[in-house]
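Encoded as structure tokens, the structure appears first; notes follow it.
The values are calculated or read from the model by the stated rules, or taken from the named source; none is laboratory data. Being a predicted model, the structure only gives us computed values, none of them experimental. Methodologically, a virtual Cβ is constructed for each residue, glycine included, from the backbone with ideal geometry; neighbour enumeration extends over all protein chains shown. Protein only, heavy atoms only, side chains kept; ligands, DNA and RNA dropped before computing areas. Shrake-Rupley method; radii C 1.70, N 1.55, O 1.52, S 1.80 Å.
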Amino acid sequence: MSNIIKLTGEIVSIGNNYVDHKGNAMYNVMVESRRHSGMADTLRVVVPDSEWHPCKVGDSVEILGRIQSRNVLAKGRNRLVLEVIADSKFVKMDDLGWDYNEVEVEKAYVVKDPILRQTPMGKTICDVMIAINHDGRSSYVPTIGWGEVAMKLSKLHVGDCIYDVRGRFQSRDYQKTLTDDAGIEYQVTRTAY
């Protein structure tokens, strides 16, 4: 497999079940994976019926699967949704007291020009949108490289191939200001991956 995520964490919500385009029953769960810093990433996990074990909110789980993206039409616009497909392993486990979140991608392609920038704290980072091919389709995953890796990524171009991508699947909440039909502004919390 060229796209692997190994993840542990705690189930923080269990969503509605659904049937995918191939007729397979799927379960939606949100899993919180703690970083060593104490921060946590809350990640959407889709579990095929063949891997599902009865779980409840608060259970610790171990997951082996892949990252996948899909476009969802929301308010007339396509929105990229990233999720973990737990198609190799989804099991309850004892809480280890710490979590792991490791992503390995054997081969990916640059699909948008990299953007080199500085964080407010002065760190050099580079935003790169990559495509990971699997099952006759591609998943588009926004990635960030830091420091020396950021400098190397900034020299890439659309269509270039990247080998042996490693990191973690991370989430971050942010506030976005929107305007309704009456021109009244309001804020919503969104999650970026």
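When the range 66-98 is examined, which residues are found to be modelled with pLDDT of 90 or more and either on the phi > 0 side of the Ramachandran plot or of a type in the set (Lys, Arg) (or both)? Hit for the range 66-98 is ARG66, nothing else. Consider the range 58-76 and keep the residues that are open to solvent by less than 90 Å² (accessible area, probe 1.4 Å) and outside any strand (DSSP E or B). The one that is farthest from GLU104 (Cα to Cα) is GLY76. When ILE144, ILE132 are checked against the criterion of being under 16 Å from the mean Cα position of the chain (by Cα) and under 30 Å from HIS21 (Cβ atoms), ILE132 stands alone in meeting it. The set of residues in the range 1-24 being at pLDDT below 85 and either more than 24 Å from GLY167 (Cα to Cα) or open to solvent by less than 50 Å² (accessible area, probe 1.4 Å) (or both) consists of SER2, ASN16, ASN17, TYR18, VAL19, ASP20, HIS21, LYS22, GLY23, ASN24. Beta carbons closer than 6 Å, at least 6 apart along the sequence or on distinct chains, pair a first residue in the range 149-163 that is closer than 15 Å to GLN118 by Cβ with a second that is in a strand (DSSP E or B) for ALA150/THR124; ALA150/ILE125; ALA150/CYS126; LEU153/CYS126; LEU153/VAL128; LEU153/GLY145; SER154/LEU116; SER154/CYS126.
What do you reckon, is VAL46 closer than 25 Å to VAL165 by Cβ, of a type outside the set (S, T, N, Q) and in contact with a Gly (Cβ under 8 Å, 6 or more places away or on another chain)? It is false that VAL46 is closer than 25 Å to VAL165 by Cβ, of a type outside the set (S, T, N, Q) and in contact with a Gly (Cβ under 8 Å, 6 or more places away or on another chain). Counting only residues that are open to solvent by 70 Å² or more (accessible area, probe 1.4 Å) and part of a loop (DSSP other than H, G, I, E, B), the range 77-114 holds 6 of them. Quickly run through the range 27-43 and pick out the residues that are buried (at least 17 other Cβ atoms within 10 Å of the Cβ) and more than 16 Å from ASP99 (Cα to Cα). Correct list: TYR27, VAL29. For the range 115-135, a residue qualifies if it is open to solvent by 70 Å² or more (accessible area, probe 1.4 Å) and farther than 25 Å from ARG66 by Cβ, and the qualifying residues are ILE115, LEU116, ARG117, GLN118, PRO120, MET121, LYS123. Residue pairs whose Cβ atoms lie under 7 Å apart, sitting 6 or more positions apart in sequence or on different chains, and linking a residue in the range 102-117 that is more than 19 Å from TRP146 (Cβ to Cβ) to a partner that is of a type in the set (A, V, I, L, M) and not in a strand (DSSP E or B), are VAL111/VAL158. Kindly evaluate VAL47 against the criterion of being aliphatic (A, V, I, L, M), more than 14 Å from VAL12 (Cα to Cα) and modelled with pLDDT of 90 or more. Yes, satisfied. Taking the criterion of being within 28 Å of SER33 (Cβ to Cβ), open to solvent by 60 Å² or more (accessible area, probe 1.4 Å) and in a loop (DSSP other than H, G, I, E, B), the residues of the range 136-193 that qualify are ARG168, GLN170, TYR193.
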